[in-house]
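The values are calculated or read from the model by the stated rules, or taken from the named source; none is laboratory data. Just so it is clear, the model here is predicted, and its values are computed rather than measured. Note that each Cβ is placed from the backbone with ideal geometry, even for glycine, and that neighbours are counted across all protein chains shown. Keep in mind that these areas ignore ligands, DNA and RNA; they rest on the heavy atoms of the full protein, side chains included. Shrake-Rupley method; radii C 1.70, N 1.55, O 1.52, S 1.80 Å.
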Amino acid sequence: MTKTTDTPAIDPFEAALGISDDKGRSPWEDAWHRLLKNRAAVYSAYIMAFMIMLVLLGPLLISWESDFTDWDHTSSPPSLQSGHWFGTDSVGRDILVRTLEGGRISLLVGLVATIVSLLIGVSYGATAGYFGGRADRIMMRVVDIIYALPFLFFIILLMVVFGRHILLIFVAIGAINWLDMARIVRGQTLSLKNTEFIEAARACGVGDWAIIRRHIVPNLLGVVMVYVTLTIPQVILIESFLSFLGLGVQEPMSSWGALVSDGAQDMESAPWTLIVPSVFLTATLYCFNFIGDGLRDALDPKDHF
Amino acid sequence: MMQDTGMARHTLRRFLGLIPTLLMLITVAFFLMRVAPGGPFDSEMVLPPEIEANLNAKYHLDEPLLRQYFRYLGQVAVLDFGPSIQYKDWTVNELIAQGLPVSMRVGLTAIVVAFVLGTLLGITAALKQNTGMDYSLMGAAMLGMSIPNFVIAPVLILLLAVYAGWLPAGGWDSGIASMVLPVITLSLPVTAYVARLTRGSMIEVLHSNFIRTARAKGLPEMVVITRHALRPALLPVISFMGPATAGMISGSVVIERIFSIPGLGSYFVQGALNRDYTLVMGVVIFYGVLIILLNFMVDLIYAWLDPKIRYDENH
Amino acid sequence: MSLLEVKGLNVGFDTPEGEVHAVNNLNFSLNAGDALAIVGESGSGKTQTVMAIMGLLAENGHVNGQAMFKGKDLLQMSTSELNKHRGSEIAMIFQDPMTSLNPYLSIEKQMIEVVIHHQGLNKAEARAHAVEMLRAVRIPDPERSIRQYPHEFSGGMRQRVIVAMGLLCEPDLLIADEPTTALDVTVQTHISHLMSALRQNSNAAIILITHDLGVVAGLCDRVLVMYAGEAVECGTVEQIYYDPKHPYTQGLLNSVPRLDRPEDTELHAIPGNPPNLLSLPEGCKFRDRCPKAYAACTETPPMQIDEGQHAHCCFRGASE
C-alpha cells in the first residue's frame, strides 16, 4: 500500500479504454507485475531470502559452537580480533551463532504454526462455506465466540498447564490463530459457490472434486497466500513474546524472543546482547509485513488497506 | 422515534449475544486449569497427606469436577473469584482491585494517545498521499507495527533512562515520569496500526462519489474533510478499538514486567509461573469480560455512527 | 459576453498504461438561458468535460485550455476561488443517486450546508428553504423526509433530492450529468420540467449530459455530439435531429427507437467499439466504424460551420 501506484477513479473511462482486449494477461501475471513494482516488498523479499540462508548456513560456517563458553571473552563487545564479531554474552557464548540458531527456531515456529493454523482454518472455513445454511451459522458463531476471548492468555494458560514444550508452542499458537483464516476462506467459498462460472461448470457435468480443484482452490489461493505471509510474523511475534516471559522455548534451545530477554538483563553492561537479536527479529517482522502488504495490494488492487 | 427503537433493539440483541461467549470463556478457563498435570501444592515441598487433604477440602479440590465447575460458575456470576492459592491471605478480588488501577492508568493513557495520534498521522498521510511525507509516515508506521514491545522497551530504557538519564528505568510512583516509557511502548504498535488504517480508509472515502458531491457544493476543503469524510473514514478505526484494547492488555503483561509496574499483568505472570489456579483463572475471566464488554460498547458506538445499521435492524 | 466559453479544452489522465486522452481540443459556448445537451457514448468524454470545468477531476487527471465563466477562467482558479462559484453560481447534479449522497448525514444537513455557506442564511431559514425545495421536487412529506438518511429513500427519491440540492442556490449554470437515467418516465418528465422552470424563472443556463435523445428534445435547444473526446457535430436540436451531417450522429439517431418514423424502420447499432483512448488514431477517430469512410479520412477532418451555425467535422459534408 505504501508505495504502489494508486490508480484513482476514472470510472466512466475504464469501460471504454479497451485495455482488456489488446493483450490477454492472466490475473496472476498482472498481480506479479504489480508486486514487482512494489519496491518495498521486493527488497523485503531479498532481505528475507538472505536472512533464511544466513540462519540455515551461518552456524555451519562460523567456528564457534552456540553452547561453547569462551571464558577468555565474557561479555566482550563486538570485535574482529576476538573472533566474536557481534560480541559474547555474560558466559562467553558467541552472540551471532546464538542469534542465528535462535533464528532457526523462531522461523521454524513461524512456519509450522502457520501451517497448523492454515490446515485448521481452511478445512473449517471451507466446510462452513460449502455447506452453508445452519451448519455455517453455528460454525461461524463458534468462531465469533472464540474470537472474543483473550487468546494470548489462553496460550499462556496452555503453556502453564501442559508444560513448555516446543511442539506445544507450535500447536498452541496454530490452534488459536486459525480464526481469521477460517473466516476468510468461508467468505470466499460462500461467494464462489454461487458464482456463475461454478454453476456453469456444474451444469456441464463437472464433478464436485474437479470444481473444488479447478475453480475453488485457485481462487482461494490468492487470499490464502496473503494471509500466510501476514500470519508468519504474527506467530513469530507470539513465540518471542512467550519466550521473553520465560514461557516459550527452554534452554539449551533458544529463540529470538529468549535472546532478547537475556539481552535485556545485561543491557547496561553489554548492550550488544540486546541489540543483535532485536535487529534480527525486527527486521524479519518488518520484511514479512511488507511482503504481505505488497501481496495484498498486488492481488487486490482495489483494497487500499 | 423509529431510530431509537432500532438502537434499543440492536443493543438488546448484541447484549444477549454476549452470554454464550462469557460462558465459553469461563468453561474453557476452568477445565484447562483442572486438567493441568500436578496440583498447586505439590511444587515446593511434600506436605503430609492429611494437610494436603485439608487444603484440598478448603479449596473444594476434593469435590467431583462438575460440581467444582458449577460452584465456580455460581461464584463468578456474583463476581467472586475466590481466594488466591499462592498469596495466602488474599482473595483474587483483592489482588485484582490492587493491580487494576495501576494497569488502567497506563492502559487508558496509552489507548487515548494511540487513537488520537494514530488518526492524526493517518489523516495527514492520506491528505498528502504519495508524497515523501506519506511514504516516511507509512514506513515508520510499518516499523512501529513490526518492533515487538519487548524489544522497544529495553531499547528505550537503555537510551532514555540509562544513557541520557532523563526518565526512570522502571518502578512505579504513580508520577508522570514513571508513566512515559510504559505508555510510549504500549501505544506504539496501536498508534502505527491506527495510522495505517486511517490512511487507507480516508483515501478510500476521499475517492467516493459523495465527497465529489460535497466538493461540487463549493464547501471549503476543510469542511469537506471534517464534516463529510471524517466519520466514514473513522468507522474502521472504531471497530479496531476492541482488538486494540485486547492487544494492549496482552502487551501490558510484558510491559509491566519490564518496567516493574505492580499492575494486574504482573500478578498474572506471577500466577502463571506459580500455578496459582484461582488467580490465573480470575484474571483471564476478568480480562475476557472486559474485552467482551468493550467490544460490545464499540459495537454500539459503531451503530450510533452508522445510520444504516440502525435502519437495517428495523427492516 | 457568453456565460461560459470553453476553448481548446484538453483533459488527460495518467494511468500505469500511459496517458488517456479523454477530451481533445473541445470548444463550445453558452449564453445565459441557453440549454445545451452533450451527447455521446460512455467514454466519449462528456462527463470528464464538465468535471474539468467544475475542478473535480481525479488526481491523476490534468487539464489545459480555457473555461471562461463570466469572463474569468475557471481552470486557472485556486480551489478556494473556485469554491465561491461552485455550488452557488454553478451547480452540478450527478448521475449516480445511490452513491452521490453522503450516507452518514441526514438529508437536512446535506441540503442546508449549501445555502448556509453560500447565502449566509441561518439554520432555520436554510431549513425552510430546503423543505420548500424538496416540496418542489415532489418529495412527499418533506418536513419529515428531510430528517431522514439517504438509505431510507429509493433511487428515484434520492435523485430528486440531488436535483433539489442543485437548485437550492438558483445557479446561473446548472450542469446535469444524466440526471434522469435512473428514473422512471413520469419522474423524468417532472425533473425536466423543473429544470425548464429554473431556466425560465431565473434565466439560468443548463448543460445536460445524456445519451437519452428523447430528454434532449424536451429540454434543450442546442446539441453537442462527442465522440472519443472530440466534438464531431454541434447544432440546434432541429438541425441535429433532422439533418445530421456526421455519420456518427446519424448512427446514434438510427440506434434510437422513434415514434415519428414508420413502424418497420430498422434500428441500427453502430458496429465496433470506440477507439482506445490510450493511443488514438490519426485522422478521423470514427473511421474504423464509419460506413462512409474513404481514403481522405486518414487526415484529420476540420470543423466546418455552415450559415445556420451548424458545425460538423467530416469530409463527407452533406448527408446521404
With the dipole of the stretch B:92-313 defined by +1 on each Lys or Arg Cβ and -1 on each Asp or Glu Cβ, the option from B:233, B:131, B:271 whose Cα lies farthest towards the positive pole is B:131
Contact-by-burial set, the stretch B:203-218, min loss 10 Å², accessible area of protein heavy atoms with 1.4 Å probe, reference chain alone, gives B:203, B:204, B:207, B:209, B:210, B:212, B:213, B:215, B:216, B:217, B:218
Under a Cβ-only charge scheme (Lys and Arg +1, Asp and Glu -1), can you give me the dipole magnitude of chain C about the Cα centre, in debye to the nearest 20? 640 debye
Looks like chain B, by Cα gyration tensor root eigenvalues a ≥ b ≥ c and the a/c under 1.5 rounded cutoff (else prolate when a/b is bigger than b/c, oblate otherwise), is oblate
Per DSSP H run of n ≥ 4, the term is -39500 (n - 2.57); total these for chain C, divide by its residue number, and report the mean residue ellipticity at 222 nm rounded to 500 deg cm²/dmol. -9000 deg cm²/dmol
Unsatisfied cross-links (Cα-Cα over 24 Å) in the set B:128/C:109; C:72/C:285; B:217/C:109; B:128/C:7; B:128/C:70: B:128/C:109; C:72/C:285; B:128/C:7; B:128/C:70
Which residues of the stretch C:1-26 bury at least 50 Å² of accessible area once all protein chains are present, versus their chain alone (1.4 Å probe)? C:16
Two-site FRET efficiency, residue A:28 against residue A:266, from Cβ-Cβ distance with R₀ of 51 Å, rounded to 0.05: 0.55
Once both labels are modelled 7 Å past Cα along the beta-carbon direction, what's the residue C:170-residue B:77 spacing in nm? 7.1 nm
In Hz, Karplus ³J(HN,Hα) per residue of the stretch C:233-240 (6.51, -1.76, 1.60; θ = phi - 60°; x = Gly, Pro): 7, 8, x, 6, 4, 4, 4, 5
Let me know the charge dipole size of the protein assembly as shown about its Cα centre in debye, to the nearest 20, where only the beta-carbon of Lys, Arg (+1) and Asp, Glu (-1) is charged. 1180 debye
Most positive-pole-ward Cα, A:190, A:270, A:227, against dipole of the stretch A:186-305 from beta carbon charges: A:190
Considering only protein heavy atoms and a 1.4 Å probe, what is the carbon-and-sulfur percentage of the accessible area of chain C? 50 percent
Per residue, in Å², the accessible surface of the stretch B:92-313 once ligands and nucleic acids are set aside, probe 1.4 Å: 35 Å²
Where does the charge balance sit around residue C:203 when Lys and Arg score +1, Asp and Glu -1, over other residues with C-beta under 14 Å from its C-beta? -3
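Might you report the magnitude of the Cβ-based charge dipole of chain B about its Cα centre, with Lys and Arg at +1 and Asp and Glu at -1, to the nearest 20 debye?
On the way: 21 positive and 20 negative charges, 281 e Å.
With only Lys, Arg, Asp and Glu charged at Cβ, the dipole is about 1360 debye.
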Among B:145, B:281, B:180 - extreme Cα towards positive end, dipole of chain B, charges at beta-carbon: B:145
Hey, rough spin-label estimate for residue B:226 and residue B:35, points 7 angstrom out along Cα→Cβ, what's it come to in nanometres? 5.7 nm
Residues of the stretch C:149-164 losing 10 Å² or more of accessible area relative to the isolated chain, 1.4 Å probe, heavy atoms only? C:149, C:151, C:152
C plus B alone minus the pair: what accessible area, both sides summed, probe 1.4 Å, in Å² to 100? 2400 Å²
With x for Gly and Pro, the residue-by-residue ³J(HN,Hα) of the stretch B:27-32, computed from phi through the Karplus equation 6.51 cos²θ - 1.76 cosθ + 1.60 at θ = phi - 60° and given in whole Hz, is 4, 4, 4, 4, 5, 4
Of the DSSP beta bridges with both residues in chain C, give the percent that are antiparallel, rounding to the nearest 5. 60 percent
Tell me, in nm to one decimal, what length is gained between residue C:254 and residue C:186 on full extension, where the rule is 0.36 nm per residue of separation less the Cα-Cα distance? 22.0 nm
Long-range amide H contacts for residue C:229: which residues qualify at under 5 Å (H placed 1.01 Å from N, peptide plane, sequence gap of 5 or more or a different chain)? C:45
Loss of accessible area when A meets B, both sides summed, Å² nearest 100, probe 1.4 Å: 4600 Å²
Within-14-Å neighbourhood charge of residue B:121 [Cβ basis; K, R +1; D, E -1]: +2
Percent carbon-and-sulfur accessible area, the stretch B:92-313, ignoring ligands, DNA and RNA, probe 1.4 Å: 70 percent
